[in-house]
Amino acid sequence: MSADKLSVKKALNLAIAKQIAGAAEAEARKNNWNVVIAIVDDGGHLIYLQRLDDTQYASVEVATRKAQTAIGFKRPTKAVEDAVAAGRTGMLNLPLIPLEGGLPLTADGKIIGAIGVSGVTSQQDGVVAQAGAEALAKLLQA
C-alpha cells in the first residue's frame with residue numbers, strides 16, 4: 001500500500017490551541033470571569049489548559065471533562081444538558097459532564113478537537129467557549 005492511500009486530516013497543534021484559549025481568555029477577562037480553559041484533540045487528550053488567577057481548582061477537571069464530552073459525543077455540552085433537563089436522566093450514567101461550556105472545534109466540516117470552559121455559570125462558560133471556537137473559525141479563514 002502506498003502512502004497516498006492513507007487519509008489526510010487536519011489536527012490541532014499547541015500554537016493553535018494557545019490562540020483559541022487566548023480568544024476565550026479575552027472574553028472571560030472582558031467580563032471579569034475567572035475560568036479554566038481546556039483544549040483537547042480529536043481523541044479527547046489534553047493539548048492545553050489555562051487557569052485564570054483565583055479560579056477554583058475543581059474547574060480544572062470540569063473544563064477538561066466538558067471538552068472531552070463535546071468531542072466524545074460530537075456535540076456541544078449544552079445539547080447534553082438539555083437532554084438531561086428534558087428527562088433523559090439515563091445519560092447521567094455515561095462518562096460525561098451535562099453542563100454548557102464544551103464545544104467541538106471544526107475544520108473543513110470535521111471535528112478536530114474541543115474546548116471546555118468552567119468557572120462561572122454554565123451559560124457564561126458557554127459564552128467563553130464560543131469565543132474560542134469563533135477564533136478558530138477566523139484563523140481558518142485567514
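FYI, it's all coordinate maths here, none of it is from the lab. Fair warning: this is a prediction, and the values are worked out from it, not measured in the lab. Cβ sites come from the backbone with ideal geometry, for glycine too, and all protein chains shown count toward neighbours.
Modelled this way, with points 7 Å down the Cα-to-C-beta line, the labels at ALA142 and ASN13 are 1.4 nm from one another. Simple rule: put +1 on each Lys or Arg Cβ and -1 on each Asp or Glu Cβ in the stretch 11-141, find the dipole, and look at ILE115, ALA63, ALA23; the Cα lying farthest toward the positive end is ILE115.
Taking amide H positions as modeled 1.01 Å from N, with prolines and chain starts lacking one, the residues under 5 Å from THR106 and 5 or more places away or on another chain are ILE112. Give the aspartates and glutamates whose C-alpha is closer than 16 Å to that of LYS74, dropping any in the same chain fewer than 8 places away, or say none. Excluding near neighbours in sequence, the set is ASP41, ASP42, ASP82, GLU100, ASP108.
All C-alpha to C-alpha distances of the chain, sorted into 5 Å bins beginning at zero, yield P(r) values of 2, 12, 21, 23, 18, 12, 7, 3, 2, 1, 0 percent in whole numbers. Assuming charge only on the beta carbon of Lys and Arg (+1) and of Asp and Glu (-1), the dipole of the stretch 2-44 about its Cα centre is about 80 debye to the nearest 20. Placing +1 on the Cβ of every Lys and Arg and -1 on the Cβ of every Asp and Glu, with nothing else charged, gives the stretch 11-141 a dipole about its Cα centre of roughly 180 debye.
The lysines whose alpha-carbon is closer than 26 Å to the alpha-carbon of LYS30, local same-chain residues fewer than 8 away aside, are LYS18, LYS66, LYS78, LYS138. Name the longest site-free stretch of the chain, where the excluded sites are trypsin sites (Lys or Arg not before Pro) in a DSSP loop with no more than 16 other beta-carbon atoms within 10 Å. The longest such stretch corresponds to 11-73. Under 20 Å of direct C-alpha separation, and excluding same-chain neighbours fewer than eight residues apart, LYS5 reaches these lysines: LYS110. Averaging the Cα positions of each part gives two centres, and for the stretch 49-97 and the stretch 100-127 these lie 9 Å apart.
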